[in-house]
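Data first, discussion second: the structure below is written as structure tokens.
The values are calculated or read from the model by the stated rules, or taken from the named source; none is laboratory data. What you are looking at is a predicted structure, and each value in this text was computed from that prediction instead of being measured. With ideal geometry, Cβ positions are generated from the backbone for all residues, glycine too; neighbour counts draw on all protein chains shown.
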Amino acid sequence: MTDEIVTKDKHVQFTYQITDETGDVVERIDLPMTCIFGRHNRLYESVELAMLGAGVGDEISAKLKPAECAWGESDPALIFTDSLYNVPSEYRYVGAEVQFQNDKNEIKTFIVSKIEGNTITIDGNHPFAGKTMTFHVKILAVRKATGEELVEGVASGAEGMGLAGQGGTLH
């Protein structure tokens, strides 16, 4: 049935997971997401192209290279190493998040990415920066979007549940 096929202006409900270059799952969203396909959806182009023509129950995958994505290439200027002893003990583990504020009062979160001996490395890049990631999307439901949904880009009565209301790209 063509109503259950992903095409422009359809209301699409889906879940997704992201795997890294080794196939490890790095993000998984089991709570259904919605979008009005081809409008206000903030899907990466390669994910959108892979979803186009898929039907309910289909699972699609799309590889995303760093240059195509919001996380981009790794910026060496955002990676710092220091003596472990210059860092407060509560941040001395891999995965710890540290916030820094610059002279413009902008706050950036850095993550402790490595500890080797007495040296600690913190990284202000997105954790996916510089990596090719694969999005795996499962189509749960497809229907014709309402007039209101076509204008607003989200499901009627589901404010904030669609991608358009979240302020970011899918990831």
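Considering (1) free of Cβ contacts under 8 Å to residues at least 12 places away in the same chain; (2) not assigned by TED's automatic domain parsing to the domain that holds residue 133, the lone condition that residue 83 does not fulfil carries the number (1).
Can residue 77 be described as touching a residue at least 40 places away in the same chain (Cβ under 8 Å) and among the small types (Gly, Ala, Ser)?
The answer is no for residue 77.
All of (1) farther than 10 Å from residue 134 by Cα; (2) in a strand (DSSP E or B) hold for residue 48 with one exception: (2).
So that you can scan it fast, the table gives a plain yes or no per residue for (1) within 30 Å of residue 3 (Cα to Cα); (2) β-branched (Val, Ile, Thr); (3) crowded, with 17+ Cβ neighbours inside 10 Å:
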{"site": "64", "(1), (2), (3)": "yes, no, yes"}
{"site": "107", "(1), (2), (3)": "no, yes, no"}
{"site": "118", "(1), (2), (3)": "no, no, no"}
{"site": "123", "(1), (2), (3)": "no, no, yes"}
{"site": "128", "(1), (2), (3)": "no, no, yes"}
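For region 14-36, the tally of residues that are without any contact (Cβ under 8 Å) to a residue 40 or more places away in the chain and in contact with a Ser or Thr (Cβ under 7 Å, 6 or more places away or on another chain) stands at 3. If you go through region 11-37 and keep only what is buried (at least 17 other Cβ atoms within 10 Å of the Cβ), out of contact with any Cys (no Cβ under 9 Å at 6 or more places or on another chain) and more than 14 Å from residue 134 (Cβ to Cβ), you end up with 33, 34, 35, 36, 37. Evaluate region 103-112: report whether one residue or more is over 30 Å from residue 152 (Cα atoms), at pLDDT 95 or above, part of a strand (DSSP E or B) and among the hydroxyl-bearing types (Ser, Thr, Tyr). There is no residue in region 103-112 that is over 30 Å from residue 152 (Cα atoms), at pLDDT 95 or above, part of a strand (DSSP E or B) and among the hydroxyl-bearing types (Ser, Thr, Tyr).
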